[in-house]
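S.K.: One structure is given below, represented as structure tokens, and several questions about it will come after.
The values are calculated or read from the model by the stated rules, or taken from the named source; none is laboratory data. This structure is a prediction, so every number in the text was calculated from the model and none was measured. All Cβ positions, glycine included, derive from the backbone under ideal geometry; neighbour counts span all protein chains shown. We work out accessible area using only protein heavy atoms, side chains counted, and drop any ligands, DNA or RNA first. Shrake-Rupley method; radii C 1.70, N 1.55, O 1.52, S 1.80 Å.
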Amino acid sequence: MLPVAILIATIAMGSGVEGATFFSPFFMIVLGLDPTTAIGVGLITEVFGFGSGLYAYYNRGAIDYRMGGELLMITVPAALFGVWVAHFVPADILKAILGMGLVIVAISFLRTPDDDLEQQLDARAQQPKERAERCLVTTDGTQHCYTVFNRSEGLLTGGIGGTFIGMLSTGLGELNGYLLLQRCRIPSTVAIATSVFVVAVTALAASVTHAVQLATADAEAFNQVLRILLFTVPGVLVGGQLGPAVATRIPDETLERSMGVLFLLVAAIVIADAALM
């Protein structure tokens, strides 16, 4: 698990995807864990990876805590609801839902806007200080002034993403990434940092809930989870440092298309495994 965790965390941090999106299918298919346990372990592992990323964005001063707080008021309860639902859904159905979720993640990568469009969206989000709703200055002195549009749509989508992350361990980061930049018109630097903040806190709440349910339901299963975490957590911490360095060496378009194809492949395996149960 140690080298696998390093590889997965490197890919996840390099592409900006939640680590549990990779870990949960791996735990199901390779280690043979039941879907609910696999999703819980994937989320617990992910928290450590996002923790290092969150610390970096905190130091840069790029997080919009006001918007992040508004989203967390929706995403955390939604994630807890998703955890509760996951424990009542049959294993084969949960696997099939996860597979379809991975297809959506793959499509989001294959349809990611190119650099020119992203720059246009970022420029559209920036406003003169006197017209902007809020201004945020990062530690490098860059000032981002903007107005949050479509707030209700953002909160609704955040609730859907929160339910997905609690039930399936993935979905919130991808939804936030699209929504905050393209619909809410938050500058890309702030949108990414705020999304990492929201996903990290939401994943923490969901993972704690999963851990409590595992500990109270089956002592042997919980011990197995601890043995897995003993190797995945150090791997995630190492991979979290390697990911950004790897990402700088691969063109964005190549990385995004490769991730889309990879997720389609993983989704096909998960759906096929569910169909054979």
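S.K.: Leaving out ligands, DNA and RNA, and with a 1.4 Å probe, what % of the accessible surface on the chain is carbon or sulfur?
M.R.: So the carbon and sulfur contribution to the accessible surface is 66 percent.
S.K.: Taking H placed 1.01 Å from N in the peptide plane, check which residues at least 5 places from ARG134 or on another chain put their amide H under 5 Å from its amide H.
M.R.: Those qualifying (amide H under 5 Å, at least 5 residues apart or on another chain) are TYR146.
S.K.: Identify which of PRO35, PRO234, PRO90 has the largest mean-square fluctuation in a Gaussian network model of the chain, with springs joining Cα atoms closer than 10 Å.
M.R.: Fluctuation is largest for PRO90.
S.K.: Ignoring ligands, DNA and RNA, what accessible area per residue does region 16-100 give at 1.4 Å, in Å²?
M.R.: Value returned for region 16-100: 38 Å² of accessible area per residue.
S.K.: Also: Given an 8 Å cut-off on Cα distances and at least 6 residues of separation, report the relative contact order of region 1-80 as a percent.
M.R.: Computed over region 1-80, the figure is 22 percent.
S.K.: Which whole-Hz couplings ³J(HN,Hα) result when phi for each residue of region 128-134 is put into the Karplus expression 6.51 cos²θ - 1.76 cosθ + 1.60, θ = phi - 60°, listed in order with x for Gly and Pro?
M.R.: Listing the rounded values in order: x, 4, 6, 9, 7, 6, 8 Hz.
S.K.: While we're here: Identify which of ALA211, ALA86, ALA267 has the largest mean-square fluctuation in a Gaussian network model of the chain, with springs joining Cα atoms closer than 10 Å.
M.R.: It is ALA211.
S.K.: Go ahead and set up a Gaussian network model of the chain, Cα springs under 10 Å, then flag whichever of THR194, THR75, THR209 fluctuates most.
M.R.: Residue with maximal mean-square fluctuation among THR194, THR75, THR209: THR209.
S.K.: Could you pull out every Cys in the chain that lacks a partner Cys with its beta carbon under 4.7 Å away?
M.R.: Cysteines of the chain left without a disulfide-compatible partner: CYS184.
S.K.: Would you compute, from DSSP H runs of 4+ residues alone, the mean residue ellipticity of the chain at 222 nm, taking -39500 (n - 2.57) per run and dividing by the full residue count, rounded to the nearest 500?
M.R.: -26000 deg cm²/dmol
S.K.: Then there is this: Once the Cα atoms of helix 65-86 and of the chain are each reduced to a long axis, what angle between those two axes, in degrees from 0 to 90 to the nearest 10, is obtained?
M.R.: The answer is roughly 20 degrees.
S.K.: Hey, another quick one. Long-range amide H contacts for THR170: which residues qualify at under 5 Å (H placed 1.01 Å from N, peptide plane, sequence gap of 5 or more or a different chain)?
M.R.: Sorted by chain and number, the residues that satisfy this are ILE165.
S.K.: Indicate the gyration tensor shape class of the chain (rounded, prolate or oblate), computed on the Cα atoms with a ≥ b ≥ c the square roots of the eigenvalues: a/c under 1.5 is rounded; otherwise a/b larger than b/c is prolate and the rest oblate.
M.R.: Taking the square roots of the gyration eigenvalues as a ≥ b ≥ c, the chain is prolate.
S.K.: Counting only other residues whose beta carbon sits under 14 Å from that of PRO25, what net charge do I get with K and R as +1, D and E as -1?
M.R.: Local charge sum for PRO25: -3.
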